[in-house]
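Report on the structure given below.
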Amino acid sequence: MSKDAKFDFDTNWYDLWMKQSREFFETANENLQTLFENGAFINPEAHMAQINLWVQHLKSQWQIDQFQEKQQKAYEKYWKTMGKMCSDACDMMVDLWIKRARDQNPIRNIRELYELWLNCCNDIYKKSMHSKSYQDVYGEFMNAALKFWKSAIPE
């Protein structure tokens, strides 16, 4: 999701995830393809400026404009939490990418990098779901959604 986009709460979550996956491959191909040409072993530490630019793009997908209405505070907190989780997953991915290169088990192509990213997203999400702060924010988000739908459906 670009910085300029407003989040549509009617978005299908599968569609959102598929869009993120497409963004991952498109931006990885645009920004990192030369690092993986001919199956070459690359040391990610030698290309950190290039990698960091790409990672910033990944992180920006969850940055959205500030919500305007006061009653949407719960939504804002939730999306900020999701943005932090995305940022943490990206940071974890880069750290593990570097570690694998140091351990002589390099990432050899963008597909392997994607799988590493998915694993990092999964790990961060699992850890976050068990935290009290995430549960509180998610609870507020769900309560706000239920209040909205209750007010939107005529009795």
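The values are calculated or read from the model by the stated rules, or taken from the named source; none is laboratory data. Here the structure is a predicted model, which is why all the values come from computation and not from measurement. No Cβ is skipped: glycine too gets one built from the backbone with ideal geometry, and neighbour counts run over all protein chains shown.
Before moving on, here are some points about what is shown:
- Residue tally, condition more than 17 Å from the chain's Cα centre (by Cα), assigned to a helix (DSSP H, G or I) and surrounded by 17 or more Cβ atoms within 10 Å (Cβ to Cβ), over region 99-135: 1
- Remark: Y138 falls outside the filter, which requires a residue to be in a helix (DSSP H, G or I) and at pLDDT 90 or above.
- Answer residue from region 1-54, given it is at pLDDT 65 or above and not in a helix (DSSP H, G or I) and is surrounded by the most Cβ atoms within 10 Å (Cβ to Cβ) among those: I42
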